[in-house]
Amino acid sequence: MPEPRELKDARRYLAEAEADLRSVEGLARLTEGLGLLDEVIVMGAAAEARTAHNLASSYAGRIYARIGSWVTQDPQLPEPQLEHFFKVVLAFDQVSVALPPAANELKVAVVRQLIDRYYEGHPAEKKRAVLEQLAQLRGGS
């Protein structure tokens with residue numbers, strides 16, 4: 001049985017996104033591909049939905065790992081790049097799949113670095129208050 005068009009298109013979009021992950025176009029392709037996968041997960045036949053779920057999970061694992069590597073290797077990433085990475089990881093929230101185990105930790109790491117950039121030059125109390133809010137969102141850890 002041939003693969004549905006949505007899965008074929010999603011594969012192409014996700015491959016393009018992965019190859020160009022640091023760009024706005026890559027993010028757009030990622031969003032398009034994930035949207036198609038979510039459509040198949042929700043409305044497709046069981047076998048197709050399983051394939052779409054596996055594809056989304058596989059891409060989530062690889063993309064989260066790549067962004068995690070970039071974020072940990074370069075603690076001085078510029079603010080626009082961090083904002084872009086945050087949008088990339090948030091794109092996976094639109095799909096009904098389990099995210100990698102360290103997904104929340106990566107999101108928090110990106111937000112922490114953004115807070116460092118946003119509050120540079122501000123009083124330490126303001127930055128501390130925002131970090132405390134972030135800790136509360138994480139459950140106090």
Gaussian network model of the chain, springs between alpha carbon atoms under 10 Å - residue of 26, 121, 68 with greatest fluctuation: 121
Top of 113, 81, 73 by mean-square fluctuation, Gaussian network on the chain, Cα under 10 Å: 73
The range 1-34-the range 102-141 distance, computed between alpha-carbon centres (Å): 31 Å
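Once you order the gyration tensor axes a ≥ b ≥ c over the Cα atoms, which shape class does the range 58-98 get: rounded for a/c under 1.5, otherwise prolate or oblate by comparing a/b with b/c?
Working: a/c = 3.99, a/b = 1.67, b/c = 2.39.
Since a/c reaches 1.5 but b/c is at least a/b, the shape of the range 58-98 is classed as oblate.
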Acute angle (nearest 10 degrees) that the helix 124-137 long axis makes with the longest principal axis of the chain, alpha-carbon atoms: 30 degrees
Phi to ³J(HN,Hα) by Karplus 6.51 cos²θ - 1.76 cosθ + 1.60 over the range 52-64, Hz, x for Gly, Pro: 4, 4, 5, 4, 4, 5, 5, 5, 4, x, 5, 6, 4
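Kindly identify the range 4-95 as rounded, prolate or oblate by the Cα gyration tensor criterion: order the square roots of the eigenvalues as a ≥ b ≥ c, call it rounded if a/c is under 1.5, otherwise compare a/b with b/c, prolate if a/b is larger, else oblate.
Details: a/c = 2.65, a/b = 2.21, b/c = 1.20.
Because a/c hits 1.5 or more and a/b exceeds b/c, the range 4-95 counts as prolate.
Sorted by mean Cβ packing within 10 Å, highest first, what order do the peptides 31-41, 12-22 take?
31-41, 12-22
Each reported figure results from applying straightforward, stated rules to the coordinates on display, with no laboratory input. What you see is a predicted model, and the numbers here were worked out from it, not measured in a lab. All Cβ positions, even for glycine, are placed from backbone atoms using ideal geometry, and neighbour counts span all protein chains on display.
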